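This report concerns only the one structure given below.
Values in this text are rule-based calculations from the coordinates and carry no lab data. Being a predicted model, the structure only gives us computed values, none of them experimental. Reconstructed Cβ throughout: ideal geometry from the backbone, glycine too, with neighbour counts over all protein chains shown.
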Amino acid sequence: MNILLAEDDLQLGELISYMLKKKAGYNVEWVTEGHDAYLYASDAHYDIVILDWMMPNGDGIEVCKRLRKEGYSGAILILTAKDAIQDRIHGLDAGADDYVIKPVEIDELLARLRALSRRNYAPIIEEEVQIENIILKRSSQTVQCGDDHIQLSPREFQLLDFLVKNKGQVLSRDIILDRVWGYESDVSVKTIDATVKLLRKKLDQFNKQDMIQSIRGVGYKIDS
């Protein structure tokens, strides 16, 4: 099961991520800001998204509302210290499917995740997308060519996936920065160039280092 965890408490986030991987064998992506949670959930399919209520750059309720407004149909669980009945109602009315109170009991959290996974949540995007003889697998964030595959980092995969979804279009660095990192992040456009360089190096294993084209003074594109 693929889980997106959004928790800004570093100690708690590390603990939950570790336990979900160790005790249940889940694949876990962990972010610490609301805006990143929104971007990750928008650009890749997760079986369940766990959102902490109180986070910088967009709290869990805001992220949940925004995802639901835009048609996100995956499972969402709110994680919070707010335990008043009205708070629970507020979280569920925002579009959450379940609600877990801190301090978190890992066994209870795992039980609730299993219950959510048994419900039929349709993925919002295709699990795989192919361009030429390259296959992007969104759940594992890998690129496959024949029997060989390459593991990408979350940012590398988001960038490649964004370019592929908009193949044939020139995407400016500003647009890429907004959609992949977010304007509120503290990275510069040089980070985009560095990530593209890393992607090309990995794609070179498939002789596809030229797949991502540089458009001088503008940005990048991938042709169909």
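Dividing the mean sequence gap of close Cα pairs (under 8 Å, 6+ apart) by how many residues segment 53-153 holds gives a relative contact order of 19 percent.
Using a cutoff of 8 angstrom between alpha carbon atoms and counting only pairs six or more residues apart, the relative contact order for the chain works out to 15 percent.
In the structure shown, the pairs Lys137/Lys208; Lys69/Lys221; Lys65/Lys165; Lys167/Lys197; Lys22/Lys201; Lys22/Lys202 are assessed against 20 Å; a Cα-Cα span above that value is assigned to Lys69/Lys221; Lys65/Lys165; Lys22/Lys201; Lys22/Lys202.
Among residues other than Arg173 with Cβ under 10 Å from its Cβ, the summed charge is -2 (Lys and Arg +1, Asp and Glu -1). Does segment 11-146 come out rounded, prolate or oblate by the C-alpha gyration tensor, with a ≥ b ≥ c the root eigenvalues, rounded set by a/c under 1.5 and, if not, prolate when a/b is larger than b/c and oblate if not? It comes out prolate by the Cα gyration axes. Each peptide in 103-116, 62-75 gets a packing score, the mean of other Cβ atoms within 10 Å over its residues, and the list from highest to lowest is 62-75, 103-116. Think of segment 53-149 as a dipole: +1 on every Lys or Arg Cβ, -1 on every Asp or Glu Cβ, centred on the Cα centre; then among Leu116, Ala96, Gln86, Gln86 lies furthest on the positive end. A DSSP coil position with no more than 16 other Cβ atoms inside 10 Å describes the following chymotrypsin sites (Phe, Trp or Tyr not before Pro) in segment 162-210: Tyr183. Here segment 128-221 was treated as a single set of alpha-carbon atoms; its pair distances binned every 10 Å from 0 give 16, 54, 27, 3 percent.
When only the Cβ of Lys, Arg, Asp and Glu is charged (+1, +1, -1, -1), the dipole of segment 128-221 relative to its Cα centre reaches about 180 debye.
Largest GNM mean-square fluctuation among Ile16, Ile176, Ile150, using the chain with Cα springs under 10 Å: Ile150.
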